[in-house]
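Take a look at the structure below.
The values are calculated or read from the model by the stated rules, or taken from the named source; none is laboratory data. The structure presented is a predicted model; accordingly, all values stated were derived computationally and were not measured. Note that we place each Cβ from the backbone using ideal geometry, even for glycine, and neighbour counts take in every protein chain shown. Areas reflect the complete protein model, heavy atoms only, side chains present, ligands, DNA and RNA absent. Shrake-Rupley method; radii C 1.70, N 1.55, O 1.52, S 1.80 Å.
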Amino acid sequence: MFRPTKKLIGLVLLLSLIFAGSSLARPTATHARQETITVTANTVNVRMGPGLAYDTMAQLKKGDKITVITQKNSWYQVRLSSDKIGWVASWLLKNTEISSATNTEGTINTANVLAKENPADDSDTLGTLQQNATVTVVYEKTGWSQILFKKTVAWVKSAYITEKKTSDNTTENIQPTVDSSIKSLTLHDDNVKLRSSPSIGGHIKATLSKKSQLTYLATAGDWYKVQTKDGKTGYVANWTATPSTSNKPVTTNANDLAEATIVLDAGHGGNDSGALSQKKTYEKTFTLQIVKKVAAKLRQGGAHVVLTRKSDKYVGLSPRPALAKKVHADAFISIHLDSSPENNQASGTTTYYYGKSKDKPLANALNKQLDHLPLDNRGVEFGNFLVLRDNKQPAVLLELGYINDSNDYKHIHSSSYQTEIANDIYKGLTRYFK
């Protein structure tokens, strides 16, 4: 991974502040009177842009306060209490059961349909859709449908889309299947509805609280069939619950490594080879080797370890923190190797964090152990990396040597160095969870 100089980082930050100030002074979106909104829904995702196709950057909880800056279509650009800027869907603020599972599928019924940036005929055209093309509709407004389009969103006239209707009867007829690996479920949201059928339209049989433990019965599409402790059976949405392979509740805020879920992220993979050594070997190869050794050591200590990739395959950046969120990881560790502009120009390890309160304690615990490695420890630094920035779980990124430095490379490709790393990360996590 290329490591920019501090002078270059300072210049980039200065330019970012200048342009950020300029964009806020002259917003292109429709200006909305700045006001503070209190979130009434249980959870609301804050996204990087005005559309459900954009990555989630934060999550709001009931009672959180946000300041509206601008409005674009049905999306609010908001400032969070942490001073981060993001977008929330106005129609989600009071809805606790919206997720990607509620999107509807449709088919374009006319030739050469224009996909627009905004729901208006005179809006910029983003592309053309051909007849019979399948689209995913995420929102409808005044005769227009917002669809997923080329990794973003676009607007198409609703009349040009024939939706695939899904009635409650259809969802009720979904054939349940049993996943033998799931024994129980723990709810991670509050006010979860237990429904009579696997659909949002199903009759509400009960309202369940956060951390409720349910007995797993079956899976029906995006729903789990469950039984409560008082004997009620019904369905809960799979985005509200965390499955477990045992009958014990899913623990959070682990106090011991043996209770923890750790996500290990081997940097790069597949056609993303990462940095190149002087020997023409790739960063992706060594990050995976290191991760496998770390995983083995942590599993010996009783930890539940999940890998973002197990082989030399490509994994996008966004799915990596998304996986940590999905499994409710207690720690996320991304393994990388550094690279300087010129060979043999820099050496050593660096520990990066993004959130001062969320990530830095983990970074400090791990970095202290890296002092035992044969390479210089360059310390703990702030890092604006997507796998950290978009991560809701405690997360760090470790640069474990410069792959294009001759001395560092001798260690990086050696099994003994990789084993030392595994031992040090194990010791660091053991200290972190005490």
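If you take the residues of the range 271-295 that are touching a residue at least 60 places away in the same chain (Cβ under 8 Å) and β-branched (Val, Ile, Thr), which of them is surrounded by the fewest Cβ atoms within 10 Å (Cβ to Cβ)? Working first, answer last.
The initial filter retains those residues of the range 271-295 that are touching a residue at least 60 places away in the same chain (Cβ under 8 Å), namely 274-279, 281, 283, 286, 289-290, 293-294.
Next, only the ones that are β-branched (Val, Ile, Thr) stay: 281, 290, 294.
Values: 281: 16, 290: 25, 294: 27.
The selected residue is 281.
Keeping to the range 199-208, report how many residues are modelled with pLDDT of 85 or more and open to solvent by less than 60 Å² (accessible area, probe 1.4 Å).
Number of matching residues: 2.
Please go through (1) in contact with a Phe, Trp or Tyr (Cβ under 8 Å, 6 or more places away or on another chain); (2) open to solvent by less than 60 Å² (accessible area, probe 1.4 Å); (3) at pLDDT 65 or above for residue 48 and return the number of the only condition it doesn't satisfy.
(2)
Please specify each residue of the range 361-380 satisfying the condition of being open to solvent by less than 60 Å² (accessible area, probe 1.4 Å) and either of a type in the set (S, T, N, Q) or without any contact (Cβ under 8 Å) to a residue 60 or more places away in the chain (or both). Please lay out each step first, then the result.
As a first pass, look at the range 361-380 and keep what is open to solvent by less than 60 Å² (accessible area, probe 1.4 Å): 362-363, 365-367, 369-370, 373, 375, 377, 379-380.
Listed by number, the residues that qualify are 363, 367, 369, 370, 373, 375, 377, 379, 380.
Across the range 310-332, what is the total count of residues that are outside any helix (DSSP H, G or I) and buried (at least 22 other Cβ atoms within 10 Å of the Cβ)? Please lay out each step first, then the result.
First, the residues of the range 310-332 that are outside any helix (DSSP H, G or I): 310-318, 327-332.
Right, trim to buried (at least 22 other Cβ atoms within 10 Å of the Cβ) and you get 329-332.
So the count comes out to 4.
Quick one: count up the residues across the range 327-343 that are farther than 9 Å from residue 399 by Cα and either within 24 Å of the chain's Cα centre (by Cα) or among the small types (Gly, Ala, Ser) (or both).
Step one: filter the range 327-343 for residues farther than 9 Å from residue 399 by Cα, giving 327-333, 339-343.
Cutting the leftovers down to either within 24 Å of the chain's Cα centre (by Cα) or among the small types (Gly, Ala, Ser) (or both) gives us 327-333, 339-340.
Number of matching residues: 9.
Could you say whether any residue in the range 344-360 is touching a residue at least 60 places away in the same chain (Cβ under 8 Å), surrounded by fewer than 18 Cβ atoms within 10 Å (Cβ to Cβ) and either of a type in the set (Asp, Glu) or out of contact with any strand residue (DSSP E or B) (no Cβ under 7 Å at 6 or more places or on another chain) (or both)?
Taking every residue of the range 344-360 in turn, at least one turns out to be touching a residue at least 60 places away in the same chain (Cβ under 8 Å), surrounded by fewer than 18 Cβ atoms within 10 Å (Cβ to Cβ) and either of a type in the set (Asp, Glu) or out of contact with any strand residue (DSSP E or B) (no Cβ under 7 Å at 6 or more places or on another chain) (or both).
Of all residues being among the small types (Gly, Ala, Ser) and surrounded by fewer than 15 Cβ atoms within 10 Å (Cβ to Cβ) in the range 232-270, which is modelled with the lowest pLDDT? Just the residue, please. Please lay out each step first, then the result.
Of the range 232-270, the ones among the small types (Gly, Ala, Ser) are 234, 237, 241, 244, 246, 254, 258, 260, 266-267, 269-270.
Within this subset, residues satisfying the condition of being surrounded by fewer than 15 Cβ atoms within 10 Å (Cβ to Cβ) are 246, 258, 270.
Details: 246: 74, 258: 78, 270: 93.
Within the range 232-270, the match that is modelled with the lowest pLDDT is 246.
Each row is one residue, and each column tells you yes or no for (1) in a loop (DSSP other than H, G, I, E, B); (2) modelled with pLDDT of 80 or more; (3) farther than 21 Å from residue 318 by Cβ; (4) charged (D, E, K, R).
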residue	(1), (2), (3), (4)
70	no, no, yes, no
87	no, yes, no, no
96	yes, no, yes, no
106	no, yes, yes, no
111	yes, yes, yes, no
121	yes, yes, yes, yes
138	no, no, no, no
148	no, no, no, no
153	no, no, no, no
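Which numbered condition in (1) open to solvent by 70 Å² or more (accessible area, probe 1.4 Å); (2) in a strand (DSSP E or B) is the only one that residue 229 fails?
(2)
Among the residues of the range 171-185, is any under 20 Å from residue 231 (Cβ atoms), at pLDDT 85 or above and loosely packed, with under 15 Cβ neighbours inside 10 Å?
So in the range 171-185, the residues under 20 Å from residue 231 (Cβ atoms) come out as 176, 178, 182-185.
Filter once more, so that each one left must be at pLDDT 85 or above: 178, 183-185.
With loosely packed, with under 15 Cβ neighbours inside 10 Å added as a condition, the list becomes 178, 183.
The answer is yes; a qualifying residue exists.
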